[in-house]
Amino acid sequence: MSSTHRRKERIDRGIKVRTEGLYALMSWRELSYLTLPRLVLIVGMLVLPFVMPGMYWQKVITIVCIYAMIAIGFDFLAHYVGLVSLGGAFFIGAGGYLAAILNSSYGLPPLLTIPIATVLGAAICTLLLLPCLPLRGVYFAIVTLMYPLVLARIIEALDILGGTDGIMGVDSFASSWVEQYVAIGMVLVFVFALRRLVNTDLGLVFRAVKDNDQAVRASGMNISYYKAVAVFLASAMGCLAGACLVHIYMWAGISLFALDFSIIPIAATVIGGGGTIVGPVLGCLILVPISELLREFGTLRIVFYSLILVGFIVFRSEGIMVFGERKYHQFQRWVRV
Amino acid sequence: MDILIYGTINSVALAIMALGFALVYGISRVPNFAHGSIYVLAGFITWSFLRTLGLPYFWSVIITLLIVGFAGALLYQFILIRVRGMAISEIIASYAVGIAILEGLRWGGFRGMSYTLPVFAEGSVMIGGVPVDFHRIIMVLVGAGIFVGLYLFTHYTRIGLALRGMAQDERAALMLGIDSDLMAVVSMVIGAMLAGMAGILLLPLGNIVVEAGYNVLILAIAVCIVGGLGSWGGAVLAAFLIGFAQILTVVYLGSHYQMVVALLAIIFTLILKPSGLFGLQKQLEERV
Amino acid sequence: MTSETILEARELSKNFGGITALSRVNFHVNRGEILGIIGPNGSGKTTLINCLTGFIRMSSGEVFFKGKNISNKAAHKIADMGLTRTFQIMRPYYSLPAYKNLVIPLFAPRAKRTGGWRGGGKLGDRTTVSIDILEEIGFERDSFVPFKMASTLPTGYLKRLELARCLALKPEIILCDEVFSGLSMSEIASMVPLIERLQMDGITLVMIEHRLRELFQVANRVMVMNFGVKLFEGTAQEVMANDQVKKAYFGSEEVEEVMHYA
């Protein structure tokens, strides 16, 4: 063929190659290439409460962090372990109700209820999800989708745990500043911890379970155990978020199992970039304020997210952070074939 | 005796609800999580035709079925076809569409007691000393008719046989010249119409509430998992098992426990026999 | 080479619905030998491996490994005991580089206990150990090959990666499912010495193969299967001379004879 064809070629940027391993310490330029994005993230999030105009928007930031914790768990499970959790509300409800019970019935302060609710809630959630772990991924998706719906109906029908009224009179945090910084701090901790985890040997095992679980079994490892560990981690994050939430709203009710907590994290992950752990945080930063702005439209906002979600899935777009990371690390050019 | 009657009625209701989902999954392996929303949507459209446009009941039903069938085809052709094969994306996409429909209906003011569909016939009759209203009898008869009709369709017509072929082995069907996308559209249309029919049959027994959409989705999934994803006979059998279990708990424990029964049924099935009663995915048990 | 029986199957049978994949298979493997299993396609060889290693539930029969009954034990427990296998359709972890593929088996409890291949009982840094193993099976150390993504490697390297995944566990026996298939002549030429080296290191090998010439070079004994039944067992010469084996592979003019096996 005499006609020339072109194709896109993507090459790592020079500075990315220069920052591999120890060479990152070569000069300030290389150091800042690596550290600047992370600093922007940390400083940006820590400064956020100060730049927000008023109490209402400060609360929005806290709620963003709550959603971000679920979304990080979803991203970790879906893209690094291969389990798609369609019911983030399950974790919120479990952690939330546990914290509320510990606080109102046993009088424990938020400083204690949150850690206990996190660990205990994660244990309960993992236990309830145990039957579907040895099975194919579809079953995990179905079961996680159903648990919040069914549990909400059970609580309503049996009128336990406060029924439709919920549990009132839950203590709040010491001050609104504590509230915000606990939430922001936990999000930052989770983001960096998970990004480190997926590069350790244990993280490699998780990725292998997603890639080819038969081979992992043939190597003498019990995949149900590792899936359970991953589910424990993700549900711990969700339960922590739920525990914080009830202390913010000073109330625990069926609305903890609301669809918002299941849909927004998925939409945030898809928009923000799946597989990056930090993409879901970005997605939440975008979606939750929009959700607040649309609050007067009632449940129409759920329609809105659902349609965005469908759009992103159907057109298979990669998400903001994935696009951003690629642009940051690589450049592309046309090459003659 | 009344347990027998009510149990049968409940079981047939569950089977009608689940059949649409089981059919679509069995043929094209696409889990249609918008199933519950089509159920409610059909009720809403029929109501609109009846009250707002004043059409006679029979024609409202027919046109509604055509509309939901078309909606099912659209759902497949524009959304599901692009994520075909990626099971998780199919679930998320169809679930999101289902939620969009249901919450959209909720926002459209669709709540409260004022929306009902009239029953097909007033009055009741005594069967074995138990009062049973005509509508429920009609529902059982129509349900049985649907099952028989579906059986005949899939065993004796060309399209039905093609659908069964696709359900058994998609690759082999492709090699025989059966267009898998076309068959998937057909199965979605039939599945949507079945969901719509379920809505039309069952919604007159109560109010049209958006919550019913989620309930129907849960119950349909429960029935299909217990019966085995992909097996229609298993779905019917499971519907009877769960149906009777629900009635028994209503009689002996109280009427609040119906959802608990569904949840426990799923959990027990996943623990004891993951592929379900007549499950075709035996490899789930092959794993030691 | 002692004649201690390391693996034994008694009356092993497997039905898939109405299809009999395995019918009352009896065989044993001695420690340190190489047993070849051959047979036409569909004779149940891969099903045999799946049943022995716990990936499929047997319909009836028993399997003994080092004297212990392992029938229907979970697959990961069997691998943990030292009975490992490769897969016919090889599937490395495509999203990871080659050396990271080995880090995963090195994470297994067995690798921790035994120290991995050539380990002296204590597992060091997994990355280093994995590069050592890769070098030993033929990945050139100083080149970039161990660091390439597994999805970019050619078949010869991938087959060796499969073997390396088993070696990382310091196995006592490896069941190889068609390691020679799909390899070019030069790749096979480097594979055969690897097999012989593994035997010299004390690993027992059971090899399912279609490439008979290479198999007969290394195998001590050969077993022939057809339609789920063990036809014959003996040395390579005996197998090649046997009439039933010839009929199974080449067919026969007497139709009733062939039907007899079905």
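A protection proxy built from the mean count of other Cβ atoms within 10 Å ranks the segments B:233-241, A:165-173, most packed first, as B:233-241, A:165-173.
Positive end of the dipole of chain A (Cβ unit charges, origin at the Cα centre): among A:V40, A:W334, A:N212, the Cα lying farthest that way belongs to A:W334. When C:D243, A:D201 are compared by accessible surface with a 1.4 Å probe, the order from highest to lowest is C:D243, A:D201.
Applying a DSSP loop filter and a limit of 13 other Cβ atoms within 10 Å to the chymotrypsin sites (Phe, Trp or Tyr not before Pro) in the stretch A:266-337 leaves A:F315. An ellipsoid equivalent to chain A, defined through the eigenvalues of its Cα gyration tensor, has semi-axes of 36, 24, 20 Å when rounded to whole angstrom and sorted largest first. Modelled this way, with points 7 Å down the Cα-to-C-beta line, the labels at C:E196 and A:L202 are 4.6 nm from one another. The convex hull defined by the C-alpha atoms of the stretch B:26-161 has an orientation-averaged projected area of 11.3 nm².
Report, to one decimal in Å, the Kirkwood hydrodynamic radius for chain B based on all distinct Cα pairs. Could you put the intermediate results ahead of the total?
On the way: mean 1/r = 0.0515 Å⁻¹.
That comes to 19.4 Å for chain B.
Taking every protein chain into account, the accessible area of the stretch A:30-96 amounts to 33 square angstrom per residue (probe 1.4 Å). Seen against the Cα atoms of chain A and their longest principal axis, helix A:279-293 is set at about 50 degrees.
Run the dipole for the stretch B:138-265 about the Cα centre, Lys and Arg Cβ at +1, Asp and Glu Cβ at -1, nothing else charged, and hand back the magnitude in debye, nearest 20.
With Lys and Arg at +1 and Asp and Glu at -1, about 200 debye.
Taking a straight Cα-Cα cut-off under 19 Å and skipping sequence neighbours fewer than 8 places away in the same chain, the lysines within cross-link reach of C:K77 are A:K227, C:K66, C:K68, C:K112, C:K170.
Using the alpha carbons of the stretch B:210-251, what is the convex hull volume per residue in cubic angstrom, as a whole number?
Numbers: hull volume 2.6 nm³, N = 42.
With only Cα atoms used, the stretch B:210-251 gives 61 Å³ per residue.
With a simple spin-label model that places each label point 7 Å from the Cα along the Cα-to-Cβ direction, the separation between B:L272 and B:D181 comes to 4.4 nm.
Over the stretch A:234-337, what is the mean sequence separation of C-alpha contacts under 8 Å (at least six apart), divided by residue count, expressed as relative contact order in percent? Walk me through the numbers on the way to the answer.
On the way: 82 pairs, mean separation 29.0, N = 104.
Across the stretch A:234-337, relative contact order equals 28 percent.
Placing unit charges on each Cβ (+1 for Lys and Arg, -1 for Asp and Glu) gives the stretch C:75-233 a dipole about its Cα centre, and among C:V218, C:I195, C:A168 the Cα reaching farthest toward its positive end belongs to C:A168.
Provide a whole-number value for the mean count of partner chain Cβ atoms within 10 Å of the Cβ atoms in peptide C:95-107.
5
Let me have the relative contact order for chain B, percent, based on Cα pairs under 8 Å that are six or more residues apart. Display every interim value, and only then the final one.
Values: 432 pairs, mean separation 100.4, N = 288.
In percent, rounded to a whole number, it is 35.
Taking other residues whose beta carbon is less than 10 angstrom from the beta carbon of C:E62, and scoring Lys, Arg as +1 and Asp, Glu as -1, yields -1. Hey, what's the Kirkwood Rh for the stretch C:193-253 if you take every pair of different alpha carbons, in angstrom? Roughly 12.7 Å, rounded to one decimal.
Considering the convex hull of the alpha carbon atoms of the stretch C:114-187, report its projected area averaged over all viewing directions, in nm², one decimal. Please list the in-between numbers first.
On the way: hull surface 21.9 nm².
Directional mean of the projected Cα hull area for the stretch C:114-187 stands at 5.5 nm².
Along the axis of the charge dipole computed for the protein assembly as shown (Cβ charges of +1 for Lys and Arg, -1 for Asp and Glu, origin at the Cα centre), the listed residues A:L282, B:V68, C:M240 are led at the positive end by A:L282.
Annotation note: chymotrypsin sites (Phe, Trp or Tyr not before Pro) in the stretch A:64-145 located in DSSP loop regions with a Cβ neighbour count of at most 12 within 10 Å are A:Y106.
Close amide H contacts of C:I203 (hydrogens built in the peptide plane, cut-off under 5 Å, sequence separation of 5 or more or a different chain): none are found. Here B:A144 and B:L66 are evaluated by their C-beta separation; at R0 = 30 Å the FRET efficiency comes out at 0.80.
Let me know the shape class of the protein assembly as shown, please: from the alpha-carbon gyration tensor, a ≥ b ≥ c as square roots of the eigenvalues, rounded when a/c is under 1.5, otherwise prolate if a/b is greater than b/c, or oblate.
Details: a/c = 1.92, a/b = 1.27, b/c = 1.52.
Taking the square roots of the gyration eigenvalues as a ≥ b ≥ c, the protein assembly as shown is oblate.
Ignoring ligands, DNA and RNA, how much accessible area is buried between chains B and A, both sides summed, with a 1.4 Å probe, to the nearest 100 Å²? Approximately 4000 Å² gets buried when B meets A. Kirkwood radius and radius of gyration were both taken over the C-alpha atoms of the stretch C:1-148, and their ratio Rg/Rh is 1.02. Taken residue by residue and averaged, Cβ atoms of other chains lying within 10 Å of the Cβ of C:54-61 number 3.
Counting only other chain Cβ atoms within 10 Å of each residue's Cβ, the peptide C:74-83 averages 5. When only the Cβ of Lys, Arg, Asp and Glu is charged (+1, +1, -1, -1), the dipole of the protein assembly as shown relative to its Cα centre reaches about 1680 debye. For the stretch B:172-226, the per residue solvent-accessible surface stands at 28 Å², with DNA, RNA and ligands left out and a 1.4 Å probe. Between helix A:28-51 and chain A there is an angle of about 30 degrees, using the helix long axis and the longest principal axis of the Cα atoms.
For every other residue with a beta carbon closer than 15 angstrom to the beta carbon of B:L23, add +1 if it is Lys or Arg and -1 if Asp or Glu, then tell me the sum. Summing Lys/Arg as +1 and Asp/Glu as -1 gives +2. How large is log10 I(q)/I(0) at q = 0.15 Å⁻¹ when the Debye formula is applied to the Cα atoms of chain C, each weighted equally and without solvent? After summing over all Cα pairs, the log10 values are -1.11. Enter the angle in degrees (range 0 to 90, nearest 10) between the Cα long axis of helix A:201-211 and the first principal axis of the Cα atoms of chain A, meaning the one along which they spread out most. With both axes taken from Cα atoms, the answer is about 90 degrees.
Would you mind telling me the share, in percent, of accessible area of the protein assembly as shown contributed by carbon and sulfur at probe 1.4 angstrom? Show your work: numbers first, answer last.
Values: 23780 of 37190 Å².
Reported share for carbon and sulfur atoms: 64 percent.
Can you give the FRET efficiency to the nearest 0.05 for C:K122 and A:S317, using r as the Cβ-Cβ distance and R₀ = 51 Å? With R0 = 51 Å, the Cβ-Cβ based efficiency is 0.60.
Sorted from greatest to least, the principal axis extents spanned by the alpha carbons of the stretch A:150-247 come out as 52, 38, 15 Å.
Write down, largest first, the equivalent ellipsoid semi-axes of the stretch A:197-337 in whole Å, where each equals the square root of 5 times an eigenvalue of the alpha-carbon gyration tensor.
Numbers: eigenvalues 186, 134, 36 Å².
Result for the stretch A:197-337: semi-axes of 31, 26, 13 Å.
Give me the percent of DSSP beta bridges within the protein assembly as shown that run antiparallel, rounded to the nearest 5.
On the way: 34 of 50 bridges.
The antiparallel fraction comes to roughly 70 percent.
Backbone geometry of the stretch B:266-276 corresponds, through the Karplus equation with coefficients 6.51, -1.76 and 1.60 at θ = phi - 60°, to 3J(HN,Hα) couplings of 5, 4, 4, 4, 5, 7, 8, 9, x, 8, x Hz, x marking Gly and Pro. Across A:R136, A:R38, A:R29, mean-square fluctuation computed from a Gaussian network of chain A (C-alpha pairs under 10 Å connected) peaks at A:R29.
Paramagnetic label reach from A:L127 (point 7 Å along Cα→Cβ; backbone nitrogen cut-off under 12 Å): within the stretch A:99-120, residues A:120.
The relative contact order of the stretch C:80-169 comes to 42 percent, based on Cα pairs under 8 Å that sit 6 or more residues apart. Each peptide in C:41-50, B:211-220 receives the mean, over its residues, of other Cβ atoms within 10 Å, and ordering these scores from highest gives B:211-220, C:41-50.
If you take the beta carbon distance between A:S32 and A:A174 as r and set R0 to 45 Å, what does 1/(1 + (r/R0)^6) give as a FRET efficiency, to the nearest 0.05? Mind showing how you got there, number by number?
Numbers: r = 37 Å, r/R0 = 0.82.
Using R0 = 45 Å, I get an efficiency of 0.75.
Roughly speaking, what % of Cα-Cα pairs in the stretch A:1-141 are separated by over 27 Å, rounded to a whole number? It works out to 54 percent of all Cα pairs. Shape analysis of the stretch C:104-146 yields a ratio of the Cα radius of gyration to the Kirkwood radius, Rg/Rh, of 1.00.
Nothing charged except the Cβ atoms of Lys and Arg (+1) and of Asp and Glu (-1): what's the magnitude of the dipole of chain A about its Cα centre? Round to the nearest 20 debye. It would help to have the intermediate numbers written out before the result.
Values: 25 positive and 18 negative charges, 349 e Å.
For chain A, the charge dipole is close to 1680 debye.
Distance between the pseudo-spin-label points of C:N26 and C:R10 (7 Å out from Cα toward the beta carbon): 1.0 nm.
So, in Å, what gap is there between the alpha-carbon centers of the stretch A:253-317 and the stretch A:122-156? Value for the Cα centre distance between the two parts: 21 Å.
The values are calculated or read from the model by the stated rules, or taken from the named source; none is laboratory data. Quick caveat, the model's predicted, so the values are computed rather than measured. Every residue, glycine among them, receives a Cβ derived from its backbone with ideal geometry; neighbour counts consider all protein chains shown. Accessible surface areas use protein heavy atoms only, side chains included; no ligands, DNA or RNA. Shrake-Rupley method; radii C 1.70, N 1.55, O 1.52, S 1.80 Å.
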